[in-house]
Amino acid sequence: MVRGLMSDKEWAFFEPFAIERGPRRGRPPGDHRLMLDGVFWIARTGAPWRDLPEQFGKWGSVYRQFRLWSVAGIWDAMPEALNASGTAPSSVQMIGSTIVRVHQHASGATRGLNQESIGRSRGGQTAKINLRTNSIGLPIAVILSSGETSDYKGYKPLMLEPGPKQEALIAGRGYDSDAIREDMIAREAKPVIPMRRNRKAQDAVDSAIYALRNLIERCFNKLKNSRRLATRYDETTESYLGLVLIASARLWCRHFVNTT
């Protein structure tokens, strides 16, 4: 028996994304559910695709279906659907990033490392997950960048992702710049960012609001419980981002299943 299979409530959310509607929808719904469970198993264990247990089907078929889903961009539609549901408060939002070590098996990206969001540093090849969360620490938007990309450069593409409007935006010192603060104010959001220590003028930060930043750190920790996210084994941006997005959606599902 393999642990961690989807519940019926989780499948009710994922089914519309995983199954193509219409007369030519391909595989039966049960096959799609089993294949998606196989993808979750790979994400959680960090195992190679070839080690996928037989109960999920042939590993090559599951991998090809996952690639089709990823290239088609169906995972990108999930955050939009979750955000539009209005089921979680979003007046206070947080942005942040975390570094992920890139395994040697992912270092042979054919399109070039930078194109696949992989960078070089003293410690080896790394990637970065840039995340924006709502008031309870659930993911709103995710983008990937190379590991050496600064938080400053990652801010704009992250904020351009679809998401609900915020009244306050919490971020670490890496996002402290006049341009970012001005952009937040233009969005009618209060910037809650501690200033860099080399600034001559230091504005106070509301410590009670800034303390909520621990929620995004806890979100990163939950995502990295999936070993395939904690270490990047995927060469392509589409595949790795797909795993991050479905793990993010599963956090939403588990939160509301456990609280309803």
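Descriptive notes on the structure:
- Note on the chain: with a GNM built from Cα contacts shorter than 10 Å, the maximum mean-square fluctuation among Glu15, Glu217, Glu54 falls on Glu54.
- Debye-sum result for region 50-186 in log10 I(q)/I(0), which assumes one identical scatterer on each alpha carbon, at q = 0.10, 0.15, 0.17 Å⁻¹: -0.44, -0.90, -1.06
- The chain, relative contact order in percent, only Cα pairs under 8 angstrom and at least six apart counted: 22 percent
- A probe of 1.4 angstrom, applied to the heavy atoms of all protein chains, finds Asp31 with accessible area near 60 square angstrom.
- A Gaussian network model of the chain, with springs between Cα atoms under 10 Å, assigns the largest mean-square fluctuation among Gly38, Gly242, Gly123 to Gly123.
- Largest to smallest accessible area among Glu167, Glu10, Glu235 [probe 1.4 Å]: Glu167, Glu235, Glu10
- Candidate lysines - alpha carbon under 22 Å from Lys224, same-chain residues fewer than 8 apart omitted: Lys128
- Across region 140-148, coupling constants 3J(HN,Hα) worked out from phi with the 6.51/-1.76/1.60 Karplus curve, θ = phi - 60°, read 9, 8, 9, 9, 10, 8, 5, x, 8 Hz, and Gly and Pro carry x.
- Set of aspartates and glutamates near Lys165 by C-alpha distance (under 17 Å), chain-local residues within fewer than 8 positions excluded: Glu80, Glu182, Asp183, Glu188
- When you restrict to C-alpha pairs under 8 Å that are six or more residues apart and normalise by the size of region 132-200, the relative contact order lands at 27 percent.
- Note on the chain: GNM, Cα springs under 10 Å; of Arg187, Arg122, Arg173, the largest mean-square fluctuation is that of Arg122.
- Dipole-positive endmost among Pro48, Thr87, Gly154 within the chain (Cβ charges, Cα centre): Pro48
- FRET efficiency for Arg227 and Gln202, using Cβ-Cβ distance with R0 set to 35 Å, rounded to 0.05: 0.30
- Placing a label point 7 Å from the Cα of Gln104 along the Cα-to-Cβ line, the residues of region 234-256 whose backbone N sits under 18 Å from it are 234-235.
- Reported value for the chain: 143 Å³ per residue, from the convex hull of its C-alpha atoms.
- Computed about the Cα centre, the dipole magnitude for region 42-151 is approximately 320 debye when only Lys and Arg (+1) and Asp and Glu (-1) carry charge, each at its Cβ.
- Largest to smallest principal axis extent of the C-alpha atoms in region 118-260, angstrom: 46, 44, 23
The values are calculated or read from the model by the stated rules, or taken from the named source; none is laboratory data. Remember, it's a predicted structure, so these values are computed and weren't measured experimentally. Positions of Cβ are generated from backbone atoms using ideal geometry, with glycine treated the same way; all protein chains shown enter the neighbour counts. Areas reflect the complete protein model, heavy atoms only, side chains present, ligands, DNA and RNA absent. Shrake-Rupley method; radii C 1.70, N 1.55, O 1.52, S 1.80 Å.
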